[in-house]
Each structure stands twice: as structure tokens, then as C-alpha cells.
């Protein structure tokens, strides 16, 4: 609810909500008189402290709303909002360019935070550093779509060798580049990782390797949010159908050539 200007206007709202539009009924509920209610609303009379206390106690109205016009009307709703706020982590939303620049450092005060997203603590690991990064481009489509959001957890350097094979990570390099890729972890065996794209167009999105010394920071993707509902069959599987049609056509031509030669 928007902030209400005067306490008289707020009492008028209470008349509508609790008194069914009648001053007399609200007066009965809070142990006052119809004339007093009319004075609060029409003449700007400020209720005395005992009247304010009875409104809060009798109607369950939030003291903050009654005095300042801020927050929900009911104290129960206000307490619920506070509980929900306390039970959520406020994850900063940053551009992926920031991942290349400073996410690998303990001091993140130079990260440009565009906004925050509230995530229940039950969805996150305690005492870990999280960021929300927006996907840009089509390299991970159809798994991750352009403009979707990733909730990522910053890994300690000691965790790099234990990266789960073929899982999605945000990788930033010492050269200031950042990638969202599916990773083949070869650090223990050969000292590098293989960064792969889920997009089937491997000409445009080829695999590439990064040596451990080239890695600046690694963030594990734990959650993905998107408002898009694409028709994946229409977009990607149709390419497979087109290839199958071409294959069938080539086979038919080969059969005709064999007949002519035979």
C-alpha cells in the first residue's frame, strides 16, 4: 500500500475496512465515539495516545502504518514481511563483465550492482558468496537462453580441482574475459579445463581449453531463471529434420546412380 498522507486519511481507511464505511461502527470497535472519529477525519484532530493504542490493540493495525503510513496496514502482515525478508539472501545482480574483472577477489566493493534478487536461504549454501548474472548470447542455447538469470556461487581456489565434470560454470580469465560454459574438468590429469557450448552450432561456438594459470575466478551455476518459453523443437530439432531430409535425398540419388551403373 502506498504511503498515506495524514493520520486522518488513515483512520478514514480504517472506517472503510473495519467499520463498513460507518464511523459509528469503528468507534464501537475501538471504544471511542462517532464524533471523535469524525473529528480525526474531517478536522485533522490528532488522536490521543490511548486512542492510538486501542486502534492497534483492537484492530491489529501496524503501529508503523498508523503513525507514519508506511508498510502494510495489519501488524501481522508487517511481521510476515519482516520474517520473509530475514529468511532470504539478497543476491547482487551484476553484469557478466564484472565477473571477468573483480569477482575473484575477496574485496567486491568495486562491483557495480544493478539490483538485487531475494533468494530463500534454503536454496543457498550458508556462508558462501553468491551473485546473479544475466546470460548474454546464444552459446548455451537451448539450455540457457539469452537474458535469463543465473545464481552462481564463487568457488574457492581449493575447490577448482573438484569441479563437477560437464556442469555449467561462469569462468573468468586473467585476461579479463568471462564465459558461461559447460566444463570438462581436466585439471587433475592435464592441468586445463575444456569449455564447451550447448549450442549445436559448433562452427560458431567451438570448444576451447583454458590452462589453470589462465583462470581468474570460477563460479558454479546453481540456479537458472528465465521468463522465456521457447519452442525448442521448432528452433533446434527442425535443423535435425532438415539434415535427415538431405540425407534421404542423397541416398535416393546414390540409388539412382547405382541403378544406372549396374
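The values are calculated or read from the model by the stated rules, or taken from the named source; none is laboratory data. Please read all numbers here as calculations on a predicted model, not as lab measurements. Neighbour counts run over all protein chains shown; Cβ positions are idealised from the backbone, glycine included.
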Worksheet item: Counting just the residues of segment 147-166 that are over 14 Å from residue 219 (Cβ atoms) and touching a residue at least 40 places away in the same chain (Cβ under 8 Å), which one comes out surrounded by the most Cβ atoms within 10 Å (Cβ to Cβ)?
Response: 148
Discussion item. Show me the helices (runs of 4 or more DSSP H) entirely contained within segment 5-48 in which 1 or more residues are assigned by TED's automatic domain parsing to the domain that holds residue 60 and either touching a strand residue (DSSP E or B) at 6+ places or on another chain (Cβ under 8 Å) or loosely packed, with under 12 Cβ neighbours inside 10 Å (or both).
Written reply: 7-18, 34-42
Worksheet entry | Those residues of segment 52-72 which are farther than 14 Å from residue 5 by Cα and in contact with a helix residue (DSSP H, G or I) (Cβ under 7 Å, 6 or more places away or on another chain), in sequence order | 52, 54, 55, 56, 58, 59, 60, 61, 62, 63, 72
Worksheet item: Among the residues of segment 194-208, is any crowded, with 16+ Cβ neighbours inside 10 Å and part of a helix (DSSP H, G or I)?
Response: no
